[in-house]
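No lab work stands behind these numbers, since they all come straight from the coordinates. Everything numeric in this text was worked out from a predicted model, so none of it was measured. All Cβ positions, even for glycine, are placed from backbone atoms using ideal geometry, and neighbour counts span all protein chains on display.
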Amino acid sequence: MLKLLSIHTSYGHIKALKDIDIEIAKGEIVCLIGSNGAGKTTTLLTISGILKPDSGDMIFEGESLKNMAPHNVVNKGICQVPEGRRIFPRLTVSENLEMGAYSIGKRQKTKGKQYNMEKVFNLFPVLKERTKQMGGTLSGGEQQMLAIGRALMANPKLLLLDEPSLGLAPIMVSKIFKTIKEINEEGVTILLVEQNAKAALRLSHRGYVLENGVIKLSGRGEDLLHNENVKKAYLGD
Amino acid sequence: MHAGTLCIHDNILTFLLKFPAMLLQQLINGLTLGGVYALIALGYTMVYGILELINFAHGEIYMLGAYLGIIFLGLFTVIGLTSVSLPLALFFTVLLTIVVCSAYGFAMEKVAYKPLRNAPRLSPLISAIGISIFLQNYVMLTQGATDQVFPQRFGDSGLQFLNVSMTYLQALIIIVSGLLMLSLHLFIQKTRMGKAMRAVAQDKTMAALAGINVNGIISVTFIIGAGLAAMAGIMVASYYGLVNYYIGYIAGIKAFTAAVLGGIGNIPGAMVGGIILGLVESAGAAYISSEYKDAYAFIILIVILLIKPAGILGKNTEEKV
């Protein structure tokens, strides 16, 4: 579905990604783990078109994303829930969701589940009680739900999730991971970036380990969970 | 002594009789002026809201609007449309002026600001001043340095009530300004594109990730701001009857004051700020001295910056996420 072919991305003179190859098949949950500054967020921002790669290519359903503006990447069906959630603080909850659906109507509706506001509310009932509330007044967990809901409003084929568990209470973390699984089971392919490596690898079909902008390891989620190097560096065993 | 007391009584009596009338008169004059300031101020505040940039060339769009109004209406007078139907001629004048000014606003952003989007903040400011000087001189060279006369006089006919008068033109300016502000408010609050404008103002990266064409929204902001300034330009040209190539400078600075007064970046704030500025200016001209007409705006600016720098409806910067 999505192929990253030797992607290099840099911030000014600092090379953040070196020769990244990632492949995601339709229906998968793929996770990208690694420590702070390894290049996980950079990878997602490059896919979304916020950062432009220096070289390499990205092919999504046969089409290159390399020179595509971010809003056109969304139009192709790739949505991102960015790090820190980035809820529009002075838009209401329902306006935040509407903005997620901004691209709908400009592109072919995908088959399968049509996510609309009602369905987002089914997934996250708490949001329904807060439709008129400003996004900035929600709690961290609610904001994470809203951020995921907002991305789902665009009917994504591929959902990019950047640290969805960051800063959330443990009970909320397990709820978010459960929801990610549900969304995937409804046919949405997922690329998950996480520091919580154990939970992410358990959930994922496959994983990549990123270190200093280079992919060190890749494999099935389960295999990585039992890999000695991964255990030592990321799982704290 | 007896005669003297009578005289004072007389004065007080006439003052009391005149007082509400004069106040009402200044209210009407002030609203006319304030509506125009508010329309220009909206352009400043919308652009600031989205780009955190003071578009100091915005006043020139207003000046261009005044000139284009004169040119188009003059053209319609020559081809005889004004004698067939004045309202129709005015309608097309307004329409064409707004379209051309919006094109100027659009081009201004693409030429002067977009290439500097990630530059230090001083660069677009200097670029704005450059565009402003360029447009002034461009108009001076093509239209001459002398005053141009608006081709249509609307006269002083209007509504008269006791000693208070409101010309039809004043009424029209107040109504048109009010309607434009109301439509803008509804556009920003209710439409998909208006909500996208607010989203872009709050977080450009996230807006892009949500599928919003951020550059498109920025262009729309400049187009709307320029359209409102164009309308203000035509109305002022018809109100005063005379325009000059430098009218954009002082009007621009006053409208900027209005935007700061209301809280820069805040749309209802620009409306409120513009109207307050208009009211203060006419009251000051009537009750204190018209010599200092232009000074009142800046006195207000200084007072506001001392007492409430965020402006009347402005949010404190901590809310910027």
Quiz item: When Rg is the radius of gyration of the Cα atoms in the protein assembly as shown and Rh is its Kirkwood radius, what does Rg/Rh come to?
Solution: 1.11
Quiz item: What is the log10 of I(q)/I(0) for the range B:184-259, computed with the Debye formula using one identical point scatterer on each Cα and no solvent, at q = 0.14, 0.21, 0.24 Å⁻¹?
Solution: -0.60, -0.95, -1.08
Quiz prompt | Hz values of 3J(HN,Hα) by residue in the range A:10-15 - Karplus curve (6.51, -1.76, 1.60), Gly and Pro given as x | solution = 9, 9, x, 8, 8, 7
Exercise. Please give the contour-minus-distance gain from B:Ile307 to B:Leu95: 0.36 nm per residue of separation, less the Cα-Cα distance, rounded to one decimal in nm.
Key: 72.2 nm
Quiz item: For chain B, what does -39500 (n - 2.57) per DSSP helix run (n ≥ 4), summed and divided by total residues, give at 222 nm, in deg cm²/dmol to the nearest 500?
Solution: -25500 deg cm²/dmol
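Suppose every Lys and Arg Cβ carries +1 and every Asp and Glu Cβ carries -1, with no other charges. What dipole size does the protein assembly as shown come out with about its Cα centre, to the nearest 20 debye?
Working: 48 positive and 37 negative charges, 233 e Å.
Approximately 1120 debye in magnitude.
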Quiz prompt | Hits among aspartates and glutamates - C-alpha to C-alpha of A:Lys216 under 12 Å, sequence gap 8 or more where chains match | solution = A:Asp19, A:Asp21
Quiz item: Can you give the percent of C-alpha pairs in chain A whose distance is more than 23 Å?
Solution: 47 percent
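Within the range A:17-52, list the trypsin sites (Lys or Arg not before Pro) lying in a DSSP loop whose Cβ has at most 16 other Cβ atoms in a 10 Å radius.
A:Lys26
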Self-check item: Sorted by Cβ neighbour density within 10 Å, fewest at the top, the residues A:Ser174, A:Ser103
Solution: A:Ser174, A:Ser103
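For the range A:162-193, state which GluC sites (Glu not before Pro) are in a DSSP loop and have at most 15 other beta carbons lying within 10 Å of their beta carbon.
Counting only loop positions with at most 15 other Cβ atoms within 10 Å, the GluC sites (Glu not before Pro) in the range A:162-193 are A:Glu186.
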Quiz item: Per 10 Å bin, what percent of the C-alpha pairs of chain B does each bin hold, from zero upward?
Solution: 6, 24, 32, 22, 10, 4, 1, 0, 0
Quiz item: Stokes-Einstein at 37 °C, 0.692 mPa s, Kirkwood radius from Cα pairs: D for the range B:75-207 in µm² s⁻¹?
Solution: 170 µm²/s
Quiz item: If you count, for every residue in B:186-196, the Cβ atoms of partner chains within 10 Å of its Cβ, what is the mean?
Solution: 2
Quiz item: Got a sec? How would B:Phe222, B:Phe134 order by Cβ neighbour count within 10 Å, fewest to most?
Solution: B:Phe134, B:Phe222
Quiz item: Under a GNM of chain A (C-alpha, springs under 10 Å), which listed residue has the highest mean-square fluctuation: A:Leu191, A:Leu158, A:Leu91?
Solution: A:Leu91
Self-check item: For the range B:234-245, 3J(HN,Hα) per residue [Karplus equation, 6.51 cos²θ - 1.76 cosθ + 1.60, θ = phi - 60°, Hz, x = Gly/Pro]
Solution: 4, 5, 5, 4, 6, 6, 8, x, 10, 9, 9, 5
Exercise. Scan chain B and report its longest stretch carrying no trypsin sites (Lys or Arg not before Pro) that are both in a DSSP loop and have at most 15 other Cβ atoms within 10 Å.
Key: B:154-314
Quiz item: Based on DSSP H runs of at least 4 residues, each adding -39500 (n - 2.57), what is the mean residue ellipticity at 222 nm of chain A after dividing by all its residues, to the nearest 500 deg cm²/dmol?
Solution: -9000 deg cm²/dmol
Quiz item: Which peptide among A:146-152, A:55-61 comes first, and what is the full order, when sorted by highest mean count of other Cβ atoms within 10 Å?
Solution: A:146-152, A:55-61
Quiz prompt | Ranking of B:Tyr287, A:Tyr102 by count of other Cβ atoms within 10 Å, fewest first | solution = B:Tyr287, A:Tyr102
Quiz item: Which residues' amide hydrogens lie under 5 Å from the amide hydrogen of A:Lys66, considering only partners 5 or more residues apart or on another chain, with H built in the peptide plane?
Solution: A:Met58
Self-check item: Residue-averaged beta-carbon neighbours from other chains (10 angstrom radius) around A:65-78
Solution: 3
